[in-house]
Amino acid sequence: MIYLLYIVVATAVVWFSILASRYIDMIDRTTKLSGAFLGGVLLSAITSLPELFTSISATILIDSPSLCIGNILGSNLFNFGMLAVVILLYIKSFSSSQLSRSHIIVVLLLFMMYSAVALNWQYMSDKNIVWAANGIPYIYISITSLIIIALYAFSVKYLASDNGCECCNDDECEEVTLSRRAIIVRFVAASIGIIIASIILTYITDEISVRLNLGSGLAGALFLGVATSLPEVTSTISLFRMRNFNIAFGNIAGSNVFNFFVLTIADLLYTSGSVYHFGDAKVINLTVFGLLSTSAVYLLLRFRSPWIKALMSLVMVACYLAFLMV
């Protein structure tokens with residue numbers, strides 16, 4: 001019964017995500033906001049909210065930092081793996097499209113975030129700042145979280161000032177017949193649907209992982225990571241079909257950056273230690289493959305050759321598959 005419920009709720013997530021991607025595409029064509037900002041900040045924040053609720057639950061309610069970081073890093077690795085698959089399917093159109101240069105900066109910032117987390121291995125940056133009043137601590141946060149917050153703020157500021165580019169030809173775009181107000185209302189409604197369905201899906205996948213007796217790190221990466229990534233993946237596929245590659249790529253890259261910001265929120269709320277916990281070997285593997293996958297994404301953006309883009313896409317897929325096998 002629980003597996004059937006999983007399929008039903010997952011279908012709802014997919015449907016709401018398709019609607020959200022359609023409305024964000026309409027917003028892109030009816031406002032002066034850049035596609036990089038819409039995908040990298042607005043849509044990515046909406047589709048990443050399931051990771052936020054899941055991570056808070058993992059740290060506060062379940063007291064499992066490995067589940068939290070496994071969820072985030074697993075979701076990021078899955079996002080890039082699925083993005084690579086979609087790029088391979090649309091390799092010709094994607095290679096000829098003009099993406100915003102801001103995506104390169106965001107990917108570099110993402111690499112720095114991975115590096116900051118990696119430094120916690122062997123306790124190289126396992127330091128925390130504690131603010132206390134009358135000897136009672138009330139703020140407990142890792143230095144790694146402060147670094148990630150600074151990098152995330154810079155990425156948002158950069159995307160907000162990006163002028164973007166027009167990446168959807170008029171002949172390929174669906175005619176917008178709704179008013180701007182109607183588009184925004186429907187986008188908000190679809191976003192709420194994504195959040196509610198994703199939260200339900202998270203609890204279902206958590207129950208499935210318990211029944212299968214998986215470790216917290218693997219369960220977070222495999223079940224929760226994949227489940228909470230459904231909104232990003234579905235909306236990206238929908239945007240690729242509409243040839244809006246700028247928002248589609250920004251959605252995945254922005255979601256991965258936002259996921260790291262989610263880690264800082266979980267770290268701030270977790271008073272029993274740090275969420276950057278490397279006690280589970282799966283977390284180490286996720287960090288290593290995450291760095292490799294992010295490097296491949298950077299090279300994919302730097303070179304226009306379809307062959308190089310295809311090769312880097314295969315590397316991204318290989319990183320996720322290698323994690324599953326290791």
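Please treat every number below as a calculation from the coordinates, not as lab data. Please read all numbers here as calculations on a predicted model, not as lab measurements. Virtual Cβ from ideal backbone geometry, glycine too; neighbours counted across all protein chains shown.
Label zone of residue 53 (point 7 Å out along Cα→Cβ, amide N under 14 Å): in region 229-266 this covers 229-231. Taking amide H as placed 1.01 Å from N in the peptide plane, residue 142 has its amide H under 5 Å from the amide H of 129, each at least 5 places away in sequence or on another chain.
According to the square roots a ≥ b ≥ c of the eigenvalues of the Cα gyration tensor, what is the shape class of region 248-326, taking rounded for a/c under 1.5, prolate for a/b larger than b/c otherwise, and oblate for the remainder? Here region 248-326 falls in the oblate category. Between residue 318 and residue 304, the modelled label-to-label distance comes to 2.7 nm, taking each label 7 Å out from Cα in the direction of the beta carbon.
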